[in-house]
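Encoded as structure tokens, the structure appears first; notes follow it.
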Amino acid sequence: MKSSAPIDAAAVVLPTLHVRPSAQAVALAAASLVAALPESRRQEARLLDLFPQQGDEEMISQILAGDPQIVAFPLYLWNRRRVLELARKIKKRRPAIFLLAGGPEASAAPESVLRQGALDGVIRGEGEITFRELTAALARGERPDALAGFTLRRASGISAGPDRPPVADLDSLPSPWLSGVLSPGPGVLWETSRGCPFGCDFCYDARGARGVRHLSQARLADELDLFARSGVRQIWVLDSTFNYPPARGKKMLRLLAEKAPQIHFHLEAKADFLDREMVRLLSELSCSVQVGLQSIRPEVLSNIHRAIDPDAFGERMRLLGAEGITFGLDLIYGLPGDDYRGFCRSLDAALGFSPNHVDTFPLAVLPGTPLDRHRGKHGIEAQDHPPYEIIRSDTCGEADIERCRLLAAAADLFYNHGRAVGFFNTLVRATGRKPVSFLEGFASWALEQPGIDRQRLLAPEAWESGQLLALQEDYASRQLSVAGRTELVPAALDLIRYHFHYAEALLGDDLRPAPASTWNASDLWRTPWRAGEALRLVSFRYEIVDLMEMGEADLEQFASMFRPVGSVAAFFRQAGEVFCESLTEDFSRLLRGSDGTLTPEEIFAGSLARRDAEEIIEFALAEGFLMPPEKG
């Protein structure tokens, strides 16, 4: 059927509303659609990055700049409401624009999305071929009534073309990176496969077609070469199980180490396929690994078509820990057949493995998943809008869901945002409690503190790191006092403070010395130096060297072996590596007094000979501990 007015298919805007500005804010899905267009049309399509803090009018102005004729939105759980509201406003303002959406939310409920967003059409499933055919049809003035993988809204109703089978050979789709549609930045989202070989009931990944399709090693190698040349620092590998099958996972790890050893990789792994060889290969990379535990209870996981051997899982986590690999665990509360105590059991187990972080989520009953279709079997009630969170089930009522939510928030705040992996289990053992009991107490105690309510507890990202440190120190002191172990408080606070400042230094800038040309070597004694901006000076009750050598000793052993003699430590990062140095009294006095107004002569006031002081100053300048006075 011919439409009344052909559309210039080159006048296309693809706006992506990201979660937040970050290195992960990469419009990969939209760029993949553009890369699939004929080369003659790629240059005219425009990618647009949008962020939630922008107002609707600002977004709409950017979308409509250049008078586009087609606007295509990637639609996700986190942006559905906002994007569909934008679409309604755009359609009201420019009725002739052809509006469409694709992505998981559009594929799961195309008719609902069409009605809510005043859209003209929805791409279902993989979008590259459908998008290319759609824009070509519109350019010819044709209505895509029976286009495979497309649902069209017309005045007479909604019509859907047949489903489009997934692309068998992913290499046949042009790379958004190698084609130049996307230019690598500091962070990259990197697609290495599509689909999932597993069929977990709550997940989108295997919906529509079981199995997984991989991009070839040759294509991946070419993309890695590009990323390495472009100075990429981090890559998020979009493969829900990079290590399946294991032989492919090991081959990929060797490729990463060969092509891009300087890049940090974020990987998702299935514990079942981790072995000593794979863990060794991981240890040779700069990487972090996320593992989906979800629950430690086999009887719960069987309800969502997953399985676990708790002992084998624990052994594989210990392999990761023994090699010093950064890893995190995922947990879900509200799973079918689970309850509050079951979630507590899973969280206790997860924290016992000393992961670098534990991500806890409420069960999301996503449209189009087996869990959604069979929710009645377990009495599950959930939100009918994003994020589709569970409200209650037969085994976990609303009150228990709320208890899970508060416990998860306590773990996120104290453990994850509090960077507690290095001291958490040591501290918990000293109180005589288990991890969950400790965190339950933290949640209750925190809600009694001035200025902390439920909303603030549930928003860990809103806390400044210094505020959280003070909260951790206060709660740890209280718990040790309640346990009758007040003698351990100084050691505990030192341990918490050490790990806090180590993490802050790691996340900060490198300590760099000022060029010798910027300071006067002939007058070190009377120059008002200032301490390096990336230098952290921290006071401890114990000698910091003893604390760093503590190893596996618990707080009681440490407190019995050492006396609180006091020390000052310098934390700093050089070439990406963090150092912590115990300072002599004179060195500490110099650095603490160097505020840009006092000279070493004034700082020492006759307590140290000039020649001795100048030796310290020269060393401090060479290392970047001291900087020249600011000009002006």
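The values are calculated or read from the model by the stated rules, or taken from the named source; none is laboratory data. Since this is a predicted model, take the numbers as computed values, not measurements. With ideal geometry, Cβ positions are generated from the backbone for all residues, glycine too; neighbour counts draw on all protein chains shown.
Does Ala136 count as of a type in the set (Gly, Ala, Ser) and outside any loop (DSSP other than H, G, I, E, B)? The answer is yes for Ala136. Scanning the range 323-363 for residues being among the small types (Gly, Ala, Ser), in contact with a Gly (Cβ under 9 Å, 6 or more places away or on another chain) and surrounded by fewer than 21 Cβ atoms within 10 Å (Cβ to Cβ) gives a total of 2. Of the helices (runs of 4 or more DSSP H) lying entirely inside the range 347-458, those carrying at least 2 residues that are under 30 Å from Arg82 (Cβ atoms) and in contact (Cβ under 8 Å) with a residue 40 or more places away in the chain are 370-373, 398-410, 454-457. Flag: Phe150 matches the condition of being in the same structural domain as Leu48 (by TED's automatic domain parsing), aromatic (Phe, Trp, Tyr), farther than 19 Å from Thr16 by Cα and crowded, with 21+ Cβ neighbours inside 10 Å. Anything in the range 545-595 that is at pLDDT 95 or above, crowded, with 17+ Cβ neighbours inside 10 Å and part of a helix (DSSP H, G or I)? List them, or say none. Those that are at pLDDT 95 or above, crowded, with 17+ Cβ neighbours inside 10 Å and part of a helix (DSSP H, G or I): Phe587, Ser588, Arg589, Leu590, Leu591, Gly593.
Looking at the structure I just gave you, is Gln43 under 31 Å from the mean Cα position of the chain (by Cα) and either modelled with pLDDT under 95 or surrounded by fewer than 18 Cβ atoms within 10 Å (Cβ to Cβ) (or both)? Spelling it out, it is not the case that Gln43 is under 31 Å from the mean Cα position of the chain (by Cα) and either modelled with pLDDT under 95 or surrounded by fewer than 18 Cβ atoms within 10 Å (Cβ to Cβ) (or both). Restricting attention to the range 233-254, does a residue exist that is in contact with a helix residue (DSSP H, G or I) (Cβ under 6 Å, 6 or more places away or on another chain), assigned to a helix (DSSP H, G or I), in the same structural domain as Gln290 (by TED's automatic domain parsing) and of a type in the set (A, V, I, L, M, F, W, C)? Checked against the condition, which is being in contact with a helix residue (DSSP H, G or I) (Cβ under 6 Å, 6 or more places away or on another chain), assigned to a helix (DSSP H, G or I), in the same structural domain as Gln290 (by TED's automatic domain parsing) and of a type in the set (A, V, I, L, M, F, W, C), the range 233-254 yields at least one hit.
Taking the numbered list (1) touching an Asp or Glu at 6+ places or on another chain (Cβ under 8 Å); (2) modelled with pLDDT of 95 or more; (3) surrounded by fewer than 17 Cβ atoms within 10 Å (Cβ to Cβ) in turn, Pro166 passes all entries but (2).
Identify all residues within the range 472-527 that are closer than 21 Å to Leu590 by Cα, surrounded by fewer than 17 Cβ atoms within 10 Å (Cβ to Cβ) and more than 33 Å from the chain's Cα centre (by Cα); write none if there are none. Listed by number, the residues that qualify are Ala514, Pro515, Ala516, Thr518, Asn520, Ala521, Ser522, Asp523, Trp525, Arg526. Within the range 593-632, the only residue that satisfies the criterion of being among the basic types (Lys, Arg) and touching a residue at least 60 places away in the same chain (Cβ under 8 Å) is Arg610.
Whenever a residue of the range 247-267 is under 17 Å from Met278 (Cβ atoms), its partners that are in a loop (DSSP other than H, G, I, E, B) and among the β-branched types (Val, Ile, Thr), lying with C-beta atoms within less than 9 angstrom and at least six residues away or across chains, give the pairs Gly249/Thr241; Met252/Thr192; Leu256/Ile263.
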